[in-house]
Structures are given as structure tokens and as C-alpha cells.
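Asker: Mind having a look at this structure? Questions to follow.
The values are calculated or read from the model by the stated rules, or taken from the named source; none is laboratory data. Only a predicted model underlies this, so the values are computations on that prediction, with no experimental measurement involved. With ideal geometry, Cβ positions are generated from the backbone for all residues, glycine too; neighbour counts draw on all protein chains shown. Quick note on the areas: whole protein, heavy atoms, side chains included, nothing else; ligands and nucleic acids left out. Shrake-Rupley method; radii C 1.70, N 1.55, O 1.52, S 1.80 Å.
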Amino acid sequence: MRRFWQLLALLLAVMTLGGCTMPADPLEEAVSTLVPHADTVLPLPGEEDRFPRGNEATLYFRYLDEPCLASETRAVASSASMPLERTLTEALIAGPGTSSGHLSGLFPAGTRVLSTVHQGRTIFVTFSKEILSAYPDEPAAWQEDAFWKTEVPLRRQLCMQALAATLTENCDADQVCVLVEQSAATDSLRLRRNYYQPGSSDASPAELLTRRDDLLLTPDNSLQMILTLWQQRSWQRLTRYLLSGEDAAFTAQADNLPHLTDFAFSGPSINDNRATFTVQLDIPGTASQPRVMRLYFSGGLWKMDAHDLLSLTAEVSP
């Protein structure tokens, strides 16, 4: 027994002098081989994409032929090979879903997404040259017609704003840079200013796209539109901002509404699908006093109940 302990002590001494150590935990000592310039921090086990497959996104399309954009919410799918910004841009080009008959797409036929790059707070989107095409119903001499002189640049402005609003709302970005494929060598792929005014000689690069909330049918902008159309006594257009089923009843009584010379409002406070405002109406012959007006979110739009509008004005007294 004594000899056994002497041999064990000798063996331990030899191992120490030889620099031998017990093998370490392989999980602690593992070193990953990373692609050059890639992040050196590996994702934690089970860490998911910030925008997992099948989540919902808000996309913007033109509302009827109005000068504004309304939203549509739908499920989207993103992956490493199809990043969210590309998925959303492809969806914008494809147009709204069949259930959104009041919305329309804004990209010319044949437009394709060639690439998207998300760098910092900017998303770069490269389109095929079809993005520069005219819409099929635009007349050749559009500049000589009062309607088309406004409509042609408006369509292009709304198209770019639909892109900017959709990407900045759903992606972690502040602005969008639009690039267009070129058939010949050029100094820049940047979208040009004359995109908005076809035929213009101004071929300087267009500004980066930033979000313009004034073109979106938010609760504030929807109420602004309702009151403006009442002020203009444009009843047919006003019905577009009323809840479905109220059009006929409202149109029959619209001319009985008093003349609205001015208005102001504050708010809203939003509770689920209802937005409540405090409104000041200036109506000749009546005392101006605060009124409460409500809008309801229905089908992607903030609309007013026609009965509420008619009842509100009926209670206005000198």
C-alpha cells in the first residue's frame, strides 16, 4: 500500500512539471469562426428576428382619388433572404388586398424591386426603370389640362410617400433613399427631381424621402378633411369620410347644414377604435362654443357617423 501512494505522488509530480492540466469545459472554450467584418457577438440561443414571420404590418395606399393615403394592415413574412423592407416594398407594388376596394396602388405596371439595403437609419431601395413610366390613363398633353396638371405630380408624390410611410412605420429607419436602374452609365442612381414633374429639365438628385404625416389619414387629418369639406359644402366628397350606410341619409339633409366659416380643434384622445376631439365651430349667427366630435376607426379609415354630424349642428343655437 505504501508503494502505491509513492507511485501516485510521483505521477502527479511528473504531470505538474510537464505542464499538463485537466481538459477545460469544451462549451466554455469553444471559439466561433466568423465571417470577416461580421459581428463578433453571436445571438443568444432562442433569440428571434425582431419582426418574426407572420407578424402584421401597416402599409399605405391611396384612398380613392383623394390626395391622401390610408392604411391597410396585413400579415407579412420576412427572413434572412427576404428582409422586411423588401417584403413591404414588394407588397406596395402588388397593391392592396381584395378586401380594400377603397384603396389603390401607386406604382406603375412592371415596376420591380432590384435590391434593398438597410444601413443605419436609412433604407436604400433600388427600383427597375419602370418606376419612371407614365400611368396608362395620363394624357400626353397633361400640362395643358387643369386636372392633370395637379394629378400627375400628385400621383408620384403619393407613390413615394406610400413607400416612406410604410418603411419608416414598420422598420427602424428615419428616411428612404430611392435609386433607379440606369440603361447607361451615369454619375448617380438617385431618383431625379424631374420624376415628380415629367418633362422637367431639372435632373438633379431628389431629396431623401422622409415621412409626411400630413398626407396620411390619421384621426387629426381625417377630421381636418371632414370640416374642410363641410366648409366648402362639398357633400359628395364628404360622404367618403362617413361611416358606411349613412351616405343617402346624409346627402338628403346636407344642404340644411349651416355655413361653416372657420374651425379649430384639439385632441384627440383615443380609446380603442374611437377618437374624441374638442371642436370650435364658427357659424354665422351663432355663439361659438366648444363641441365634442368623435371619429371611429373602420376599414383602415377614421370616419364620422353622419347622424353625429347632423345632430351636432342641429343643437347649435344663437
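Asker: Express the Stokes-Einstein translational diffusion coefficient of the range 70-199 in µm² s⁻¹, to the nearest whole number, given a Kirkwood radius over alpha-carbon pairs, 20 °C and a viscosity of 1.002 mPa s.
Answerer: For these conditions, the coefficient is 136 µm²/s.
Asker: In addition: Normalised radius of gyration for the range 85-141, please: alpha carbon Rg relative to 2.2 N^0.38 Å, two decimal places.
Answerer: Here the Cα radius of gyration is 1.32 times the empirical estimate.
Asker: Within the range 118-228, what percent of beta bridges assigned by DSSP are antiparallel, to the nearest 5?
Answerer: 50
Asker: Further question on the same structure: Starting from the amide H of ARG74, placed 1.01 Å from N in the peptide plane, find each other amide H under 5 Å away whose residue is 5 or more places distant or on another chain.
Answerer: ALA57, LEU59
Asker: Could you give the length gained on full extension between HIS307 and GLU56, defined as 0.36 nm per residue of separation minus the Cα-Cα distance, in nm?
Answerer: 87.0 nm
Asker: OK, next. Rounded to whole Å, give me the distance from the Cα center of the range 56-70 to that of the range 194-244.
Answerer: Measuring centre to centre over Cα atoms gives 10 Å.
Asker: Further question on the same structure: For ALA203 and ARG112, calculate 0.36 nm times their separation in residues minus their Cα-Cα distance, and state this gained length in nm to one decimal.
Answerer: 30.5 nm
Asker: How much solvent-accessible surface does THR58 expose, in Å² to the nearest 10, with a 1.4 Å probe and all protein chains in place?
Answerer: Taking all protein chains as shown, THR58 has close to 30 Å².
Asker: Also: Normalised by the number of residues in the range 73-120, what is the relative contact order in percent for Cα pairs under 8 Å and 6+ residues apart?
Answerer: Reported as a whole number, the value is 33 percent.
Asker: Would you mind calculating the gained length between ASP174 and SER128 on full extension (0.36 nm times residue separation, minus the Cα-Cα distance), in nm to one decimal?
Answerer: Working it through step by step, the gained length comes to 14.2 nm.
Asker: Nearest 0.05, what FRET efficiency do GLN224 and ALA140 give at R0 = 41 Å with Cβ-Cβ as r?
Answerer: The pair GLN224/ALA140 has a calculated efficiency of 0.70.
Asker: Where Lys and Arg each count +1 and Asp and Glu each count -1, what net charge lies around ARG294 among other residues with Cβ under 13 Å from its Cβ?
Answerer: 0
Asker: Arrange the peptides 191-198, 284-291 so that the one whose residues have, on average, the most other Cβ atoms within 10 Å appears first.
Answerer: 191-198, 284-291
Asker: Quick one: go through the range 257-278 and flag any residue whose amide nitrogen is under 13 Å from the point 7 Å out along the Cα-to-Cβ line of THR286.
Answerer: In the range 257-278, the label zone of THR286 (backbone N under 13 Å from the point 7 Å along Cα→Cβ) covers 257-264.
Asker: Can you compute the charge dipole magnitude of the range 130-192 about its Cα centre, using +1 on each Lys and Arg Cβ and -1 on each Asp and Glu Cβ, nothing else charged? Give it in debye, rounded to the nearest 20.
Answerer: 140
Asker: What accessible area, in Å² to the nearest ten, does a 1.4 Å probe give for PHE297?
Answerer: Probe radius 1.4 Å; accessible area of PHE297 about 90 Å².
Asker: Give the residues of the range 89-115 whose amide nitrogen is closer than 14 Å to a point set 7 Å from the Cα of ARG74 in the direction of its Cβ.
Answerer: 89-107
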